[in-house]
Amino acid sequence: MATTATKLGAIHHKILDLLKATPTGLTIYEIRDQIADLDVQQHLDKRVRELRYTHKVPLRRIGGKAVYVYEGEREEGLSDGGHISSALRAKLLHAAHGKCQMCGRTIADDDIKLEIDHKIPRNWGGLTVEENLWAICGLCNGGKRDFFATFNDDEMTRILAKDSVYERIAETLRIYEGSPTPAWLLQFVANADDFQEDWQKRLRELRYPVIGYEIAASRRKNPAGKWEAAYTLREWKPLPENHKFLIKEFERVNRKARSN
Ligand SMILES: [Zn+2]
């Protein structure tokens, strides 16, 4: 996914023009309404997501609506071979306020050094973009690397390329079924194509009886010896093709039952 940088076509430019013309952002439906081509309409989500390789087009929640907002071109492209500019490095270190973003230990109190790390590694398709980078201590970075080495790179690349956030989370949980999967990994996997994804809500939805995942909140000791939030998959069945529809339907019926 990352190594094959997307070439922008006419449709991408059309979407960019629409977003640039509306600084307050557009929902996916509003964008769809302004695009006549039926075939494009069907794959619109994907086309919008492809823009993120070259542009900052985050999905933001504004006034109760999820809207795509145009925030400019990416300075750090994908063809950078994973190189992180010194300006970006400085920005990320500044944003961390001297604190490991994984274990919370600080430079001031714990004599740690911070390292800039790809949240989703490049060999799983992770991008060298601000949203996929964080500042963590050497211990956490080493522990994360060891933990990730137990995963199959091809399998993770396949999971992360999936369109459905539910499939990405579900398949990641299934890798260590019965054992805790760190919350941060689920968050990264959820955010793989939308850096604003509400991953905790997605987890709750997987637990709906129509989907049937039994996911227990648990804990896991991280390499720095600190307990971190984790989730353990206890029961699952294959996700139905129409899982998004089933989740929406379940919510609709429940809302109706509550209001009666
Ligand atoms: Zn740490």
Inset, instruction - Take ASP146 and decide whether it is under 21 Å from THR232 (Cβ atoms), within 15 Å of the ligand (Cβ to nearest atom) and part of a helix (DSSP H, G or I). - result: yes
Inset, instruction - Taking the residues in the stretch 101-139 that are out of contact with any Asp or Glu (no Cβ under 8 Å at 6 or more places or on another chain) and part of a helix (DSSP H, G or I) as candidates, determine which candidate is nearest to the ligand (Cβ to nearest atom). - result: LEU139
Legend entry - Of all residues in the stretch 208-235 being among the small types (Gly, Ala, Ser) and assigned to a loop (DSSP other than H, G, I, E, B), the one that is farthest from PHE147 (Cα to Cα): GLY212
Legend entry - Residue within the stretch 249-260 that is in a loop (DSSP other than H, G, I, E, B), more than 23 Å from ILE120 (Cα to Cα) and modelled with pLDDT under 95 present: yes
Inset, instruction - Specify the residue that is farthest from the ligand (Cβ to nearest atom); the eligible residues are those in the stretch 205-224 that are of a type in the set (Gly, Ala, Ser) and without any contact (Cβ under 8 Å) to a residue 40 or more places away in the chain. - result: GLY212
Inset, instruction - Return yes when LEU19 is surrounded by 18 or more Cβ atoms within 10 Å (Cβ to Cβ), farther than 25 Å from LYS119 by Cβ and modelled with pLDDT of 80 or more and no when it is not. - result: yes
Inset, instruction - Please specify each residue of the stretch 113-160 satisfying the condition of being of a type in the set (Gly, Ala, Ser) and buried (at least 21 other Cβ atoms within 10 Å of the Cβ). - result: GLY126, ALA135
Legend entry - Considering residues of the stretch 84-100 that are at pLDDT 95 or above and outside any helix (DSSP H, G or I) only, the residue nearest to CYS140 (Cα to Cα): CYS100
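The values are calculated or read from the model by the stated rules, or taken from the named source; none is laboratory data. What you see is a predicted model; the values in this text were computed from it and never measured. Virtual Cβ from ideal backbone geometry, glycine too; neighbours counted across all protein chains shown.
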